[in-house]
Amino acid sequence: MWKPNKVRLFIKPWCGWCDEAIDWLEERHIEFEQLDVTNDRKAQQEMVDLTGQTKAPCIDIDGEILADFDTGQLEKFWDRLAKNAQG
């Protein structure tokens, strides 16, 4: 199974989509850094710089960005990155 070098998830507390993204990653035993953009101004600014918007969740997988997504979109994004990594 493909394993990225770095996964960062930008979230807002009490965000249902954020909770689902966390569950999706944890169920697959994917290590990730969780950044709460409501309590960390630097993380919030970085998310805006990366995505051009303030909606969460947003994920950064080895520099590939997916913003404002649900788990169906996350799974497609993950599968595409894995396929590209395998050549």
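Name the pairs whose Cβ atoms lie under 8 Å apart, with the first residue in region 35-56 and more than 15 Å from Leu9 (Cβ to Cβ) and among the hydroxyl-bearing types (Ser, Thr, Tyr), the second outside any loop (DSSP other than H, G, I, E, B) and open to solvent by less than 100 Å² (accessible area, probe 1.4 Å), and 6 or more positions between them or separate chains?
The qualifying pairs are Thr54/Gln44; Thr54/Met47; Thr54/Val48.
Does region 31-48 include one or more residues that are closer than 15 Å to Pro4 by Cβ, among the aliphatic types (A, V, I, L, M) and modelled with pLDDT of 95 or more? Please lay out each step first, then the result.
Filtering region 31-48 for residues closer than 15 Å to Pro4 by Cβ gives 31-33.
If we keep only those that are among the aliphatic types (A, V, I, L, M) too, we end up with none.
No, every residue in region 31-48 fails to be closer than 15 Å to Pro4 by Cβ, among the aliphatic types (A, V, I, L, M) and modelled with pLDDT of 95 or more.
Would you check which residues across region 52-69 are within 17 Å of Phe32 (Cβ to Cβ) and open to solvent by less than 80 Å² (accessible area, probe 1.4 Å) and list them? Give the derivation first.
Of region 52-69, the ones within 17 Å of Phe32 (Cβ to Cβ) are 56-67, 69.
Result: Ala56, Pro57, Cys58, Ile59, Asp60, Ile61, Asp62, Gly63, Ile65, Leu66, Ala67, Phe69.
Go through region 6-24 and give me each residue that's surrounded by fewer than 11 Cβ atoms within 10 Å (Cβ to Cβ) and at pLDDT 95 or above. Before the answer, list the steps.
Our first condition is that a residue be surrounded by fewer than 11 Cβ atoms within 10 Å (Cβ to Cβ); within region 6-24, this holds for 14, 16.
Passing the criteria: only Gly16.
Please find, among Leu74, Leu66, the residue that is free of Cβ contacts under 8 Å to residues at least 60 places away in the same chain and part of a strand (DSSP E or B).
Details: Leu74 fails: part of a strand (DSSP E or B).
Of the residues listed, the single one that is free of Cβ contacts under 8 Å to residues at least 60 places away in the same chain and part of a strand (DSSP E or B) is Leu66.
Select from region 20-53 the residues that are of a type in the set (Asp, Glu) and within 18 Å of Lys76 (Cα to Cα) and list them in ascending order. Write out each step before concluding.
Kept after step one, since they are of a type in the set (Asp, Glu), are these residues of region 20-53: 20, 23, 26-27, 31, 33, 36, 40, 46, 49.
Within region 20-53, Glu20, Asp23, Glu26, Glu27 meet the criteria.
Scanning for something in contact (Cβ under 8 Å) with a residue 60 or more places away in the chain and surrounded by 17 or more Cβ atoms within 10 Å (Cβ to Cβ), does region 25-34 turn up at least one residue? Lay out the reasoning, then the answer.
Let us first name the residues in region 25-34 that are in contact (Cβ under 8 Å) with a residue 60 or more places away in the chain, namely none.
No, because not a single residue in region 25-34 is in contact (Cβ under 8 Å) with a residue 60 or more places away in the chain and surrounded by 17 or more Cβ atoms within 10 Å (Cβ to Cβ).
Across region 49-63, which residue is nearest to Asn5 (Cα to Cα) among those that are outside any loop (DSSP other than H, G, I, E, B) and touching a helix residue (DSSP H, G or I) at 6+ places or on another chain (Cβ under 9 Å)?
Just the residues of region 49-63 that are outside any loop (DSSP other than H, G, I, E, B), to begin with: 49-51, 58-61.
In the following step, the residues that additionally are touching a helix residue (DSSP H, G or I) at 6+ places or on another chain (Cβ under 9 Å) were identified as 58-61.
Working: Cys58: 17, Ile59: 13, Asp60: 11, Ile61: 8 Å.
The selected residue is Ile61.
The values are calculated or read from the model by the stated rules, or taken from the named source; none is laboratory data. In this text the structure is predicted, and so the values were computed from the model without any measurement. With ideal geometry, Cβ positions are generated from the backbone for all residues, glycine too; neighbour counts draw on all protein chains shown. Heads up: the accessible areas ignore ligands, DNA and RNA and are worked out on the full protein's heavy atoms, side chains in. Shrake-Rupley method; radii C 1.70, N 1.55, O 1.52, S 1.80 Å.
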